[in-house]
Amino acid sequence: MAEPEHLALTYNDIHKLIKVSAEKIAEFKPDLFIAIGGGGFFPARVLRTFLKDASTKRNIPIYAIGLSLYESLPGTTAEQIGAQVVRTQWLGPETQRILLGRRALIVDEVDDSRKTLHYAVSELQKDVQRELEGLPQSEREALAAKTEFAVFVVHNKLKPKLGELPSNVQ
């Protein structure tokens, strides 16, 4: 099997790609970005430039979660590397409530196996469910219906994926 062709892209090339994507993402109208690790910060920051609230000129806030799949971390085994997503940082208890009734865009730089994205979406949805359970029934349905997730990656590797995203995630 032949090696895949590798492209050398400049900062400007990536910036332009994100700008084009921002036009479509604007239709989702994200209230917040959740950057996965250091790689998600750059595209989230660039997206934020193009997606400011037109009326207020306010930036969309960026929150961070740390996930590792391919990195050797203290306490991980060789078997875990590449096989198991390890949570290194998560939203704090006070910030999990910010997800309720909001549209969160999860941002990463690369979708390789989709394991990391699957983990992030699944765990964030669990956080939302836990928060909803603590609310009066009268508030749950409205907040649950308004809480949405979408995903943006700069580079989606064209290969079979090992994880899946729920059908209700854009």
**Study point:** Relative packing of peptides 59-67, 33-41 - highest average C-beta neighbours within 10 Å first
**Key:** 33-41, 59-67
Review point. So what is the accessible area of the chain per residue, in Å², with the probe set to 1.4 Å?
Key: 61
Exercise for review: List, in the order given, every pair from Lys52/Lys146; Lys52/Lys161; Lys57/Lys159; Lys52/Lys159; Lys115/Lys146; Lys29/Lys115 whose Cα-Cα distance in the structure shown is over 28 Å.
Suggested key: Lys52/Lys161; Lys57/Lys159; Lys52/Lys159
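Could you look at region 35-155 and say what percent of its accessible area is carbon and sulfur, using a 1.4 Å probe and all protein chains?
Heavy-atom surface of region 35-155 belonging to carbon and sulfur, 1.4 Å probe: 50 percent.
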Check your understanding: What nm value, rounded to one decimal, do you get for the distance between Arg130 and Glu94 when each label is placed 7 Å out toward the C-beta?
Key -> 1.8
Revision key, fill the gap. Per region 1-150, sqrt(5λ) over the Cα gyration tensor eigenvalues, sorted largest first, in Å, gives 28, 24, 13
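Quickly estimate the mean residue ellipticity at 222 nm for the chain, helices only: each DSSP H run with n ≥ 4 gives -39500 (n - 2.57), and the total goes over all residues, rounded to 500.
My calculation for the chain gives -12000 deg cm²/dmol from helical runs alone.
The values are calculated or read from the model by the stated rules, or taken from the named source; none is laboratory data. All figures in this text were calculated on a predicted structure; none of them were measured in a lab. Positions of Cβ are generated from backbone atoms using ideal geometry, with glycine treated the same way; all protein chains shown enter the neighbour counts. Surface areas here come from the heavy atoms of the whole protein model, side chains and all, with no ligands, DNA or RNA. Shrake-Rupley method; radii C 1.70, N 1.55, O 1.52, S 1.80 Å.
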